[in-house]
Amino acid sequence: MPAPTPPPAELHGRILDWFDAHRRVLPWREEPSPWRVMVSEFMLQQTPVARVLPVFDAWLERWPAPADLAASPSGEAVRAWGRLGYPRRALRLHAAAVAIVERHEGRVPATYDELLELPGVGDYTAAAIASFAHGRRAVVLDTNVRRVFARVVEGVQFPAPGVVRAERDVAASLLPDDDPTAARWAAATMELGALVCTARSPRCEACPVAGLCRWRALGYPEHDGPPRRGQAWHGTDRQCRGRLLAVVRDAHEPVAPELMAAAWTDAPQRERCLDSLLDDGLLDVTPDGRFSLPA
DNA sequence: AACTCGTGGTT
DNA sequence: TAACCAAGAGT
């Protein structure tokens, strides 16, 4: 027995009107060129808006087009990425810029399928660029949209760990028919999740669809199911890799192994992480055995 | 499908 | 303070 779904027209009207009144002013929205949108989407993968803003501005000033980034060493992208986290994204953005020059004459492609072929572009990012940069109809399913639909439509506190078929069907069925409205809808549902229907303490008193929300109507039932696993950090390879890469990123000449050893004392783990950083292409070794960002 | 991969603000 | 979690992708 499928869940009764709120009338789409009312859902659309309320959320789109709310978006027009409350949308944030963001640099990739005010001037949504495809390259700017693409850079913002890479940076925003698992990273909050506030931390992206300054890096985004510096990045676009230095590399105003894909060809500009493609012509720079990948290590420069890693350095400019700074402390945004998950630095392999910087490498993938660089590789995507190279692919755009090689396969698309230096212009960010407009179709979901072409975008999906680019390094670092998965389902979400392909849909987001197609929608926000090119105004095309696409099912944009990020963590915000998933949470909004889980609550309003399904009546549960949190979405499943991975995107489920039924969930994609719901999102597709709610997507407005025409391109421009679908694109607004994607941005609006994301914004609602980011500003109102937040994970920890949702601001239901400010929500335009509180009266249509199934989770609210059910009395806010707590998450029921397997506990959602957190992300371990202290002592992990991620922490080790982050510390090692930071040493090289903040240096302006190749770093001697002794300095790397000072940054992480557990030798087996340090060596394992150095190997993985070299393997990922985040580090290079000079002929005399020092570590640098890749050329 | 489950796991890995950074960083730092918020609670 | 420790836990949570943020516009995910790749394997």
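The values are calculated or read from the model by the stated rules, or taken from the named source; none is laboratory data. It should be emphasised that the depicted structure is a prediction, and the values quoted were computed from it without experimental measurement. So basically every Cβ, Gly included, is an ideal-geometry build from the backbone, and we count neighbours across all protein chains shown.
Just to be sure I understand, how many residues within segment A:56-91 are more than 11 Å from DNA strand B (Cβ to nearest atom) and over 21 Å from A:P32 (Cβ atoms)? Outline the logic, then answer.
Step one: filter segment A:56-91 for residues more than 11 Å from DNA strand B (Cβ to nearest atom), giving A:56-77, A:79-80.
Filter once more, keeping what is over 21 Å from A:P32 (Cβ atoms): A:70-77, A:79-80.
Qualifying residue count, segment A:56-91: 10.
Filtering segment A:219-234 down to residues that are on the phi > 0 side of the Ramachandran plot and modelled with pLDDT of 95 or more, which residue is nearest to DNA strand B (Cβ to nearest atom)?
Of segment A:219-234, the ones on the phi > 0 side of the Ramachandran plot are A:219-220, A:225.
This time we only want the ones that are modelled with pLDDT of 95 or more, so: A:219-220.
Working: A:G219: 21, A:Y220: 16 Å.
For segment A:219-234, the residue satisfying everything is A:Y220.
Can you name the condition, by its number, that A:P180 falls short on among (1) surrounded by 13 or more Cβ atoms within 10 Å (Cβ to Cβ); (2) touching a residue at least 12 places away in the same chain (Cβ under 8 Å); (3) within 24 Å of A:V49 (Cβ to Cβ); (4) not aliphatic (A, V, I, L, M)?
(1)
Would you please list the contacts, defined by Cβ atoms under 7 Å and residues six or more apart or on different chains, that run from a residue in segment A:209-228 that is within 18 Å of A:W18 (Cβ to Cβ) and in the same structural domain as A:P161 (by TED's automatic domain parsing) to a residue that is basic (K, R) and modelled with pLDDT of 90 or more?
A:V209/A:R14; A:A210/A:R216; A:C213/A:R151; A:W215/A:R151
Looking only at segment A:107-119, decide whether some residue is near DNA strand C (Cβ under 8 Å from one of its atoms) and closer than 24 Å to A:G242 by Cα.
Yes, there is a match, as at least one residue in segment A:107-119 is near DNA strand C (Cβ under 8 Å from one of its atoms) and closer than 24 Å to A:G242 by Cα.
I need a count of the residues in segment A:251-295 that are among the polar types (S, T, N, Q) and free of Cβ contacts under 8 Å to residues at least 12 places away in the same chain. Outline the logic, then answer.
Going through segment A:251-295, the residues among the polar types (S, T, N, Q) turn out to be A:265, A:269, A:276, A:286, A:292.
Adding the requirement that they be free of Cβ contacts under 8 Å to residues at least 12 places away in the same chain leaves A:265.
Of the residues in that region, 1 qualify.
Quick one: would you say A:G75 is under 20 Å from A:V247 (Cβ atoms) and surrounded by fewer than 18 Cβ atoms within 10 Å (Cβ to Cβ)? Explain how you work it out, then say what you get.
Working: under 20 Å from A:V247 (Cβ atoms): yes; surrounded by fewer than 18 Cβ atoms within 10 Å (Cβ to Cβ): no.
It is false that A:G75 is under 20 Å from A:V247 (Cβ atoms) and surrounded by fewer than 18 Cβ atoms within 10 Å (Cβ to Cβ).
Can you tell me which residues in segment A:43-84 are touching a Pro at 6+ places or on another chain (Cβ under 7 Å) and touching a residue at least 40 places away in the same chain (Cβ under 8 Å)?
Once the filter is applied, which keeps residues that are touching a Pro at 6+ places or on another chain (Cβ under 7 Å) and touching a residue at least 40 places away in the same chain (Cβ under 8 Å), segment A:43-84 yields A:P73, A:S74, A:G75, A:V78.
Conditions tested, residue by residue: (1) within 29 Å of A:G120 (Cα to Cα); (2) surrounded by fewer than 14 Cβ atoms within 10 Å (Cβ to Cβ).
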residue: A:V209; (1), (2): no, no
residue: A:L218; (1), (2): no, yes
residue: A:D224; (1), (2): no, yes
residue: A:G230; (1), (2): yes, yes
residue: A:R238; (1), (2): yes, no
residue: A:A256; (1), (2): no, no
residue: A:Q269; (1), (2): yes, no
residue: A:L274; (1), (2): yes, no
residue: A:P294; (1), (2): yes, no
